[in-house]
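Participant: Below you will find the structure I want to go over with you.
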Amino acid sequence: EYIINTKSKISKGYKGRFYHHIVKDALKKINKKISLPWQKKVFIEKTATPQNVIVPNWTPLEAIDFCAARSTSAATEESSQDNPDQNQLPNAPGSLFVFYEKLGTGFFYESIESMIIKQKSQGNIPLYQYTPKTK
């Protein structure tokens with residue numbers, strides 16, 4: 001994916017499109033150059049408010065990073081997924097979007113708030129400990 005990303009460029013204007021649509025288009029540009037058995041699943045959380053965006057000759061991952069920095073969650077019950085059988089939980093109204101790959105699962109574009117809600121609903125809340133330094 002990295003090599004395909006560096007060799008691909010997106011130069012396109014999006015009028016009245018949601019950021020999650022732009023992310024989906026960028027990932028399609030990468031996946032269409034990969035043979036079908038090697039393509040990864042994509043899990044994309046819906047974003048709010050349509051935007052007018054111009055992507056000026058960026059790689060697909062640069063375009064995704066641009067969208068992640070500006071996205072806000074739609075806070076809906078559903079997310080756009082190529083594989084809807086898992087990770088289908090309510091999303092929090094958040095704006096801290098990240099794009100990452102989970103080995104063996106696929107690519108994720110979701111807010112940190114949604115990840116926390118998923119962990120809480122699965123009973124898998126990590127223990128965080130704050131220990132201030134003493135002098």
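The values are calculated or read from the model by the stated rules, or taken from the named source; none is laboratory data. The structure displayed is predicted, hence computed values, not measured ones. Because the Cβ atoms are built from the backbone with ideal geometry, glycine has one as well, and the counts that use them run over all protein chains shown. Surface areas here come from the heavy atoms of the whole protein model, side chains and all, with no ligands, DNA or RNA. Shrake-Rupley method; radii C 1.70, N 1.55, O 1.52, S 1.80 Å.
Participant: Hey, does region 82-95 have a residue that's at pLDDT 90 or above and of a type in the set (A, V, I, L, M, F, W, C)?
Facilitator: no
Participant: Scan region 18-32 for residues that are surrounded by 14 or more Cβ atoms within 10 Å (Cβ to Cβ) and within 26 Å of Gly104 (Cβ to Cβ) and jot them down.
Facilitator: His20, Val23, Lys24, Asp25, Ala26, Leu27, Lys29, Ile30, Asn31
Participant: Take region 20-47 and flag every residue that is in contact (Cβ under 8 Å) with a residue 60 or more places away in the chain and out of contact with any Asp or Glu (no Cβ under 8 Å at 6 or more places or on another chain).
Facilitator: Those that are in contact (Cβ under 8 Å) with a residue 60 or more places away in the chain and out of contact with any Asp or Glu (no Cβ under 8 Å at 6 or more places or on another chain): Val23, Leu27.
Participant: Out of the residues in region 41-58 that are open to solvent by 40 Å² or more (accessible area, probe 1.4 Å) and outside any strand (DSSP E or B), state the one that is nearest to Gly106 (Cα to Cα).
Facilitator: Among those residues, the one meeting the criterion is Lys46.
Participant: Give me a count of the residues in region 106-125 that are open to solvent by less than 40 Å² (accessible area, probe 1.4 Å) and either at pLDDT 85 or above or under 13 Å from the mean Cα position of the chain (by Cα) (or both).
Facilitator: Final tally of qualifying residues: 7.
Participant: Also, quick follow-up: Search region 61-74 for residues that are more than 18 Å from Asn31 (Cβ to Cβ) and pair each with any residue that is among the acidic types (Asp, Glu) and buried (at least 17 other Cβ atoms within 10 Å of the Cβ) when their beta-carbon atoms are under 8 Å apart and the residues are at least 6 apart or on different chains.
Facilitator: Ser73/Glu45; Ser73/Glu113; Ala74/Glu45
Participant: With the structure loaded, tell me whether Ile54 is out of contact with any helix residue (DSSP H, G or I) (no Cβ under 6 Å at 6 or more places or on another chain) and at pLDDT 90 or above or whether it fails that test.
Facilitator: Considered against the rule, which asks whether it is out of contact with any helix residue (DSSP H, G or I) (no Cβ under 6 Å at 6 or more places or on another chain) and at pLDDT 90 or above, Ile54 comes out as yes.
Participant: Select from region 1-17 the residues that are in contact with a strand residue (DSSP E or B) (Cβ under 6 Å, 6 or more places away or on another chain) and open to solvent by 60 Å² or more (accessible area, probe 1.4 Å) and write down the one among them that is farthest from Glu101 (Cα to Cα).
Facilitator: Lys15
Participant: Moving to a separate point now. Can you give me the number of residues within region 6-19 that are touching a residue at least 40 places away in the same chain (Cβ under 8 Å) and farther than 24 Å from Ala74 by Cβ?
Facilitator: 4
Participant: Look at region 59-78 and say how many of its residues are open to solvent by less than 70 Å² (accessible area, probe 1.4 Å) and within 14 Å of the chain's Cα centre (by Cα).
Facilitator: Result for region 59-78: 11.
Participant: Now for a separate question. Please determine whether any residue of region 19-40 is out of contact with any Gly (no Cβ under 6 Å at 6 or more places or on another chain), part of a strand (DSSP E or B) and over 21 Å from Ser95 (Cβ atoms).
Facilitator: No: region 19-40 contains no residue that is out of contact with any Gly (no Cβ under 6 Å at 6 or more places or on another chain), part of a strand (DSSP E or B) and over 21 Å from Ser95 (Cβ atoms).
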